[in-house]
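Take a look at the structure below.
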Amino acid sequence: MKNSFISKLNVNQLKVFEAVYRLKSMTLAAQELFLTQSGISQHIKKLEEQLHITLFVRNHAEFFSTSQADELYLVCKKAFTEIESTLDRLSDIVPKQLEGIIRIGVPTEFGNNILIPSIAEWAKNNPSVKFDFVYGYASHLSGLLSDEKIDLAFIDSFKSDRQINSKIVFQETLNLVASQEYIKIKKVAIKNQQKDKLSSLTQLDFIEYDHKESIIRLWFDFHFGKKNLPLNIRVWAMNVQGVAAFIRADMGAAVLPNHIIEKIIREGTSLHLFKGNKDNLNNEISIAWLKRKPLSRAVNELKEFLINTKMNLIS
């Protein structure tokens, strides 16, 4: 071992390389390792010089790993995972404080209204753990998770992916609502028989999240088995906050999660809830993590905490 090649290497350089490769970013690696970006760059440069290979190719704003980097990363990831596992096992006698940054991707309203209070409860017992939240839609968060830019993602309408593990932790009811004032302005008679009920509902103006009109049409398909009804979409708003604001402004009807409906009512707006022909239309939200990426002890313990407390989350 005295004259071996590895004895000449700086292990910190391998740690820096592993972080840069995994995060696909020197900036994110610098944040994770609490180093400057120039320091990260110097570590990579020295490692490349010692190995006499090129690990990363930089082309303006783009950043690529070489085949040698791909091979080295697999070895480093396996070695660091085994070392961390062994050290955790050996130090189980003396419990150590969790630390590090946990990167979480979450839908905005679910995160602010449902998830953050649960994470805050866990965080009180783990004061050295920091959190980096990214808000977005399921498709955006899935991409960040696949690219290893976040550790955990909360995704609704989850589709099976061989690379991802998931567990349902929350179920929200989706209801069609409008303000009572809008009903008066529109002068729509709300009827109970199926045929009349459907005809009266299609007279409404609707507020949607995107131009695909997927949510409102999902509600009509679920309750009435109708996919291609002629609906007057008066407003498109990108997120739940925007849709809720237009409902408060008496602009039309929209489908909202039950916890948002309750919030609007608490804030003083009287709402009418339209009943469909079936029981509740539910939307399930899953916690998701990559199979191939080893989770830090902090990430794993938070994940297990949220999974085990799902009875408190599911409404």
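The values are calculated or read from the model by the stated rules, or taken from the named source; none is laboratory data. This is a predicted model, so every value here is computed, not measured. Note that we place each Cβ from the backbone using ideal geometry, even for glycine, and neighbour counts take in every protein chain shown.
Worth a mention:
- Residue list for the stretch 7-44, filter: touching a residue at least 12 places away in the same chain (Cβ under 8 Å) and not in a helix (DSSP H, G or I): LEU9, ASN10, LYS24, SER25, LEU35
- Qualifying residue in the stretch 181-188 (condition: assigned to a helix (DSSP H, G or I), modelled with pLDDT of 90 or more and of a type in the set (Asp, Glu)): yes
- For the residues SER200, SER179, SER214, the requirement of being touching a residue at least 60 places away in the same chain (Cβ under 8 Å) and of a type in the set (Gly, Ala, Ser) singles out SER179.
- Residues (within 22 Å of ASP205 (Cα to Cα) and in a helix (DSSP H, G or I)) located in the stretch 264-287: ILE264, ILE265
- Which numbered condition GLU208 fails, given (1) in contact with a helix residue (DSSP H, G or I) (Cβ under 8 Å, 6 or more places away or on another chain); (2) more than 19 Å from GLU109 (Cα to Cα): (2)
- Every pair of residues 6+ apart whose Cβ atoms lie under 9 Å, when the first sits in the stretch 133-150 and is without any contact (Cβ under 8 Å) to a residue 60 or more places away in the chain while the second is in a helix (DSSP H, G or I) and of a type in the set (D, E, K, R): none
- Restricting the stretch 204-226 to residues that are of a type in the set (D, E, K, R) and either in a helix (DSSP H, G or I) or within 23 Å of the chain's Cα centre (by Cα) (or both), the residue that is nearest to LYS187 (Cα to Cα): GLU208
- From THR36, THR27, THR66, residue being surrounded by 13 or more Cβ atoms within 10 Å (Cβ to Cβ) and of a type in the set (Ser, Thr, Tyr): THR66
- Scope the stretch 227-263; condition more than 20 Å from LYS186 (Cβ to Cβ) and in a helix (DSSP H, G or I); matching residues: VAL240, GLN241, GLY242, ASN258, HIS259, ILE260, GLU262, LYS263
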